[in-house]
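Quick notes on the structure that follows.
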Amino acid sequence: MVVVIDPDAGDPLDEPNANASARTAVEKALLEWGRFDLLSQGQETDLIIVVRTGNGKAMRPTMKGGAIDQRPVSGESTDSTIHIGAQHGQPPPLQGNSIPDANRGPHVSNEMGPSEDMFEVYRGNVPDPLDSMSIWRYIAKDCLHEPKVAAVEEFRKAIAEAEKPQNSAKKP
């Protein structure tokens, strides 16, 4: 599994690290859960989680065209787990369509999108995975914030619920 910032998201001018902080909070919550292995972007993965913060408004000024989802080294730890990742070069794009802002360089833009935080799950190991429909989505106010990352908790519940029929079918 890999966690990325929505490629269409800009960095909010009033909170430039909001999306990066959300990604880190989600990764830490996933590590604490222990169900999935976290990989660095660019590695083959079965699932891709995309995060994007909201601010309660449908439109907000952002900085676009910068290094939104680039980080050469990452490190996360919980009480029982340590995850360290490194990235060499630019990871392959997750979308087939080219994003015009990527070639313009950093610039201020007005971004329209969900007013609440968004957590989406996509299938990995397919061409241009983010061009497909998400397989699960959770949108709620502050659902990507620590200490309790509500989006990960809801994802856990959804997986547990999906597994219930399989477990009960095995019992005589």
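Every number in this text was worked out from the coordinates using simple rules, so none of it is lab data. Worth saying up front: this structure is predicted, and the values here are computed from it rather than measured. Heads up, the Cβs are rebuilt from the backbone with ideal geometry, glycines too, and the neighbour counts pull from every protein chain shown.
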Quick one: which residues, 5 or more positions from Trp136 or on another chain, have an amide H under 5 Å from its amide H? H modelled 1.01 Å from N in the peptide plane, none for Pro or chain starts. Val121
Net charge over other residues, Cβ less than 14 angstrom from the Cβ of Ser132 (K, R count +1; D, E count -1): -2
Over 26 Å between Cα atoms, which of Lys141/Lys164; Lys57/Lys148; Lys28/Lys157 qualify? Lys141/Lys164
With θ taken as phi - 60° and the coefficients 6.51, -1.76 and 1.60, list the Karplus ³J(HN,Hα) couplings across the range 2-12 in order, rounded to whole Hz; mark glycine and proline as x. 10, 10, 10, 7, 3, x, 8, 7, x, 8, x
Sorted by average packing, counted as other Cβ atoms within 10 angstrom per residue and highest first, what order do 48-59, 108-119 take? 48-59, 108-119
Relative to the present Cα-Cα distance, how much length would full extension add between Asp128 and Asn55 at 0.36 nm per residue of separation? 23.5 nm
Residues whose built amide H sits under 5 Å from the amide H of Ile5, excluding neighbours closer than 5 in sequence, are Val51
